[in-house]
Amino acid sequence: QVQLVETGGGLAQPGGSLRLSCAASGQTFSSYAMGWFRQAPGKEREFVAGIRESGGFTYYADSVKGRFTISRDNAKNTLYLQMTSPRPEDTALYYCAKAKGDLVLTTIFYYDSWGQGTQVTVSS
């Protein structure tokens, strides 16, 4: 099993920026695709972005495409989500997750390890 710990959440102003990090330990981080998900109160957990093990392929939900950037540093066992121009509707608890393989899929059932989440609130 891999342990995941998200950090970097907080209050962001609309149009500002925020960077989330996810530190991994345990199982080999670089062998699997990784993803970011989010869950707002009263809503289901939804896919935000995913990245393959090499970092050479990324995929985004339409709602964040062009504003968020997912990246990874396999030497540091760390996953990132750079959030630019956040909007109030981006407010949610953000989770990082390890995939079961090296594909980037949007379903939560393809991910078998989850962090505890970090809260992002976008408000002026």
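Looking for something open to solvent by less than 20 Å² (accessible area, probe 1.4 Å), within 23 Å of GLN13 (Cα to Cα) and not in a strand (DSSP E or B) - is there at least one such residue anywhere in the stretch 93-116? No, because not a single residue in the stretch 93-116 is open to solvent by less than 20 Å² (accessible area, probe 1.4 Å), within 23 Å of GLN13 (Cα to Cα) and not in a strand (DSSP E or B). Filtered by the rule that a residue be surrounded by fewer than 22 Cβ atoms within 10 Å (Cβ to Cβ) and of a type outside the set (D, E, K, R), the stretch 74-91 gives ASN74, ALA75, ASN77, THR78, TYR80, GLN82, THR84, SER85, PRO88, THR91.
Residues that are open to solvent by less than 60 Å² (accessible area, probe 1.4 Å), under 19 Å from ASP112 (Cα atoms) and touching a residue at least 12 places away in the same chain (Cβ under 8 Å) do not occur anywhere in the stretch 8-19. Listed by first and then second residue, the pairs linking a residue in the stretch 50-75 that is more than 10 Å from VAL104 (Cα to Cα) to a residue that is assigned to a loop (DSSP other than H, G, I, E, B), with Cβ atoms under 6 Å apart and 6 or more places separating them unless they lie on different chains, are ARG67/SER85; ARG72/GLY55. Take SER25 and tell me if it is open to solvent by 50 Å² or more (accessible area, probe 1.4 Å), in a strand (DSSP E or B) and at pLDDT below 95. Against the criterion (open to solvent by 50 Å² or more (accessible area, probe 1.4 Å), in a strand (DSSP E or B) and at pLDDT below 95), SER25 qualifies. The listed residues are GLU53, GLU44, and the only one of them that is in a loop (DSSP other than H, G, I, E, B) and under 15 Å from the mean Cα position of the chain (by Cα) turns out to be GLU53. Inspection of the stretch 59-73 identifies no residue that is closer than 17 Å to VAL5 by Cα, out of contact with any Phe, Trp or Tyr (no Cβ under 9 Å at 6 or more places or on another chain) and either modelled with pLDDT under 95 or open to solvent by 60 Å² or more (accessible area, probe 1.4 Å) (or both).
Number of residues in the stretch 22-44 that are more than 20 Å from TYR59 (Cα to Cα) and not charged (D, E, K, R) equals 9. Residues that are of a type outside the set (A, V, I, L, M, F, W, C) and part of a strand (DSSP E or B) within the stretch 67-82 comprise THR69, SER71, ARG72, ASP73, THR78, TYR80, GLN82, listed in sequence order.
The single condition among (1) on the phi > 0 side of the Ramachandran plot; (2) assigned to a strand (DSSP E or B) that PHE37 does not satisfy is (1).
The values are calculated or read from the model by the stated rules, or taken from the named source; none is laboratory data. Being a predicted model, the structure only gives us computed values, none of them experimental. Here Cβ is always computed from backbone atoms with ideal geometry, including for glycine, and neighbour counts include all displayed protein chains. Remember, those area values only see protein heavy atoms, side chains included, never the ligands or the DNA or RNA. Shrake-Rupley method; radii C 1.70, N 1.55, O 1.52, S 1.80 Å.
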